[in-house]
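Undergrad: Below you will find the structure I want to go over with you.
The values are calculated or read from the model by the stated rules, or taken from the named source; none is laboratory data. It should be emphasised that the depicted structure is a prediction, and the values quoted were computed from it without experimental measurement. In this analysis, Cβ positions are derived from the backbone assuming ideal geometry, glycine residues included, and neighbour counts consider all displayed protein chains.
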Amino acid sequence: MKHSARRIVIFALPILIISLFSCTGLADEKGDIRWYSYKDGVEKMKSGGKIGFLYFYTDWCGFCKKMDEETFSMKQISDYLNENFVPMKVDAEDERELAREYGANQYPSNLFLSTDDGVIAGRPGFIPEDQMIGILKYIHTESYETMSFTDFLEKE
């Protein structure tokens with residue numbers, strides 16, 4: 001094998017391996033959240049006894065798009081939300097009255113609802129994946145009833 005051909009093989013081999021992993025799903029797995037409308041989600045919460053995760057967004061919100069791409073698309077987040085919560089996604093432009101009712105005036109707005117439709121906790125703004133998983137676990141385990149979020153993270 002000529003010297004230049006060997007360089008091509010050495011350069012191309014890692015790219016080929018990365019491509020194969022991407023095609024077979026062995027690279028970062030993407031998640032898929034089963035979003036409910038607000039109405040359907042509240043019904044599901046009440047019948048299933050799960051906490052609701054209410055996500056207000058707008059089409060023009062850059063951080064909402066970032067959250068969709070960098071947080072909600074991660075398998076760890078989507079699996080945890082789908083298994084332990086009733087995820088509801090609401091366009092605040094289409095549902096202005098509902099957004100006002102929940103005080104969602106910054107986007108994205110992330111709220112956790114009890115089965116009686118009361119707000120357990122909320123946080124406006126973009127939440128990166130590593131912070132979101134901690135928040136989800138804190139709410140799901142009902143640790144918010146006995147400790148601060150900081151104490152929970154130290155215990156984790």
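Undergrad: Kindly provide the set of residues from segment 101-141 that are of a type outside the set (A, V, I, L, M) and within 18 Å of residue 41 (Cα to Cα), ordered by number.
TA: 101, 102, 109, 110, 112, 114, 115, 116, 117, 118, 122, 140
Undergrad: So in segment 40-58, with the set limited to residues that are surrounded by fewer than 16 Cβ atoms within 10 Å (Cβ to Cβ) and charged (D, E, K, R), which one is nearest to residue 134 (Cα to Cα)?
TA: 46
Undergrad: Exactly one condition in (1) part of a helix (DSSP H, G or I); (2) at pLDDT 95 or above is false for residue 47; which is it?
TA: The single condition residue 47 does not satisfy is (2).
Undergrad: Quickly run through segment 90-122 and pick out the residues that are at positive phi and not charged (D, E, K, R). Steps first, answer last, please.
TA: Just the residues of segment 90-122 that are at positive phi, to begin with: 103, 117.
Correct list: 103 only.
Residues are listed down the side, and each one gets a yes or a no for (1) within 20 Å of residue 36 (Cβ to Cβ); (2) in contact (Cβ under 8 Å) with a residue 60 or more places away in the chain; (3) touching a strand residue (DSSP E or B) at 6+ places or on another chain (Cβ under 9 Å):
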| site | (1), (2), (3) |
| --- | --- |
| 58 | yes, no, yes |
| 76 | no, no, no |
| 79 | yes, no, no |
| 85 | yes, no, yes |
| 90 | yes, no, yes |
| 106 | no, no, yes |
| 109 | yes, no, yes |
| 115 | yes, yes, yes |
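Undergrad: Kindly establish whether residue 62 is in the same structural domain as residue 150 (by TED's automatic domain parsing) and over 21 Å from residue 145 (Cβ atoms).
TA: Here the answer is yes, as residue 62 does meet what is asked.
Undergrad: Having 2 or more residues that are among the hydrophobic types (A, V, I, L, M, F, W, C), buried (at least 19 other Cβ atoms within 10 Å of the Cβ) and modelled with pLDDT of 95 or more is the bar; report the helices (runs of 4 or more DSSP H) wholly within segment 59-156 that clear it. Talk me through it step by step, then tell me what you get.
TA: Numbers: elements: 62-67, 75-84, 96-101, 129-140, 149-155.
Correct list: 62-67, 75-84, 129-140.
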